[in-house]
Each structure stands twice: as C-alpha cells, then as structure tokens.
Amino acid sequence: MPLNHGHVLGHKRKRSALDLLVASLAFVAIVLLALVFNTSAAHADVTTANSGGAAFQATPATVPGLRAKLSADGRTAIPPEGAPEAVKQAILAANKITRKPYIYGGGHATFKKISSGYDCSSTVSYALGNAGLLKGTPLDSSSFMRWGAPGKGAWVTVYTNPGHAYAIIAGLRLDTSGPGERGPRWRTAKRSNSGFKVRHPEGF
C-alpha cells in the first residue's frame, strides 16, 4: 500500500503540538513554584526584620543541662532540659510579663491574670504562683520573708527583705531592678544579696 504522506504529516503535527503543550505546562508549573518560594522567603525576611533579628531562629523549648539560658531576644528565658516541670513552668510564666513596666503595687490582685505592670514581689509571685509553687494570692516582700523554707533551694531561691524581693530560678535572676529597664526582667548581671533573707519552695 502506498504511504500516505499527508496522513503521516498530520500525525507529526499533532504530536508536535502535544509536546509543545506539555513543555508549556511544565514551564508554567516551574514559574509558579518559583513565585511561591520567593513569596515565602520574602515573608520570612519581613518577619525577621520586624523582630529586629539578623536571621530567624526558632527558640528551643529547652536547653541542655541544669541552668536556664537567656533567649536571643534578651527578654525571655529558656528552661533547662533537666529541670523539674514546675521550674520550667515558673520560667515560662515569667516570660509572659518580661515586657511589662514596673508599677509599685502592680500585679498584687492575682497571679491568674496578667496585670498592666508589676513590682518586685508580684513579679516573683506571678512566676511561682503559675507554677504551683505559691498558693493563694501574690505576696509582698515582707511576707516572702516567712514563706517556704529557709536557705537556698536546688532550683528556686527567693531573696527578700522589707523593701525588695527577687528570685533565682534555675540559675537565672528574675528581678525588677538592675542595669537597663525597670520592671520584670531576666538579668544576667550579678547583684549583692547582703541584707536579704533567703527562702525557697520546699522540695525545690
């Protein structure tokens, strides 16, 4: 049978058109993927810029060892992996108020809700109360002098006198006074504990 050149040519044209369609669809898919990737990257850059960081880094849930560590944001602390759960909860609770200002008498109504500001003893009360280490209502610094057990604790130590109170939790100081802003903050600078009574929650 003689070869039908027109029929063969028609098949070739149809196949070429199909190949062209497939190639075009693949190109469109690649372009769309590139757009999605670039948009995600831009969003990450904006998030980083807004947070003031050089590069986005997720804060780990815990750090190895037995001592808390100040986060890269300079405001919050990371609990140590080896700490009891109550100690981790005290750190996480304190993290919620480390952007609040110092207000004399602030935060003493309850530690179940976040107040507009905190003083020294209500800061300590908020951290300990939300970890189950302090019952009832926030204490003032004089009341902390009779709270818990005497001496340093293995995980939590409260330094208190009639005028001031602060806590060391897993090796990191939670205090409203010291270098920088006043208010509830994690502070790494050392301070004198002369003139303070030393107390700790029993068992911690």
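The values are calculated or read from the model by the stated rules, or taken from the named source; none is laboratory data. This is a predicted model, so every value here is computed, not measured. A quick note on method: Cβ atoms are made from the backbone with ideal geometry, for glycine too, and the neighbour counts reach across all protein chains shown.
All conditions in (1) modelled with pLDDT under 95; (2) within 21 Å of residue 170 (Cα to Cα); (3) not hydrophobic (A, V, I, L, M, F, W, C) hold for residue 130, with the sole exception of (1). When residue 119 is tested against the conditions (1) touching a helix residue (DSSP H, G or I) at 6+ places or on another chain (Cβ under 7 Å); (2) surrounded by 20 or more Cβ atoms within 10 Å (Cβ to Cβ), the lone failure is (1). The residues of segment 165-180 that are within 20 Å of residue 99 (Cα to Cα) and surrounded by 14 or more Cβ atoms within 10 Å (Cβ to Cβ), listed by number, are 165, 166, 167, 168, 169, 172, 173, 174, 175, 176, 177, 178.
If only residues of segment 126-153 that are of a type in the set (Gly, Ala, Ser) and within 24 Å of the chain's Cα centre (by Cα) are counted, the one that is farthest from residue 96 (Cα to Cα) is 132. Against the list (1) of a type outside the set (Phe, Trp, Tyr); (2) modelled with pLDDT of 95 or more; (3) within 13 Å of residue 185 (Cβ to Cβ); (4) out of contact with any Asp or Glu (no Cβ under 9 Å at 6 or more places or on another chain), the condition residue 123 fails is (4). Among the residues of segment 168-204, those identified as over 22 Å from the mean Cα position of the chain (by Cα) and in a loop (DSSP other than H, G, I, E, B) are 190, 191, 192, 193, 194, 195, 196, 201, 202, 203, 204. Let me confirm something: among 113, 100, which residue is crowded, with 17+ Cβ neighbours inside 10 Å and of a type in the set (Lys, Arg)? Selected residue: 100, the only one of 113, 100 that is crowded, with 17+ Cβ neighbours inside 10 Å and of a type in the set (Lys, Arg). Reported count of residues in segment 71-120, each being polar (S, T, N, Q), part of a loop (DSSP other than H, G, I, E, B) and within 24 Å of residue 204 (Cβ to Cβ), is 4. If the Cβ limit is 6 Å and pairs must be 6+ apart or interchain, which residue in segment 123-148 that is β-branched (Val, Ile, Thr) pairs with which residue that is in a loop (DSSP other than H, G, I, E, B) and crowded, with 22+ Cβ neighbours inside 10 Å? Pairs that qualify, where the first residue is β-branched (Val, Ile, Thr) and the partner is in a loop (DSSP other than H, G, I, E, B) and crowded, with 22+ Cβ neighbours inside 10 Å, are 123/176; 123/184. Taking first residues from segment 71-90 that are outside the structural domain of residue 126 (by TED's automatic domain parsing) and partners that are part of a loop (DSSP other than H, G, I, E, B) and buried (at least 18 other Cβ atoms within 10 Å of the Cβ), no Cβ contact under 8 Å between residues at least 6 apart in sequence or on separate chains turns up.
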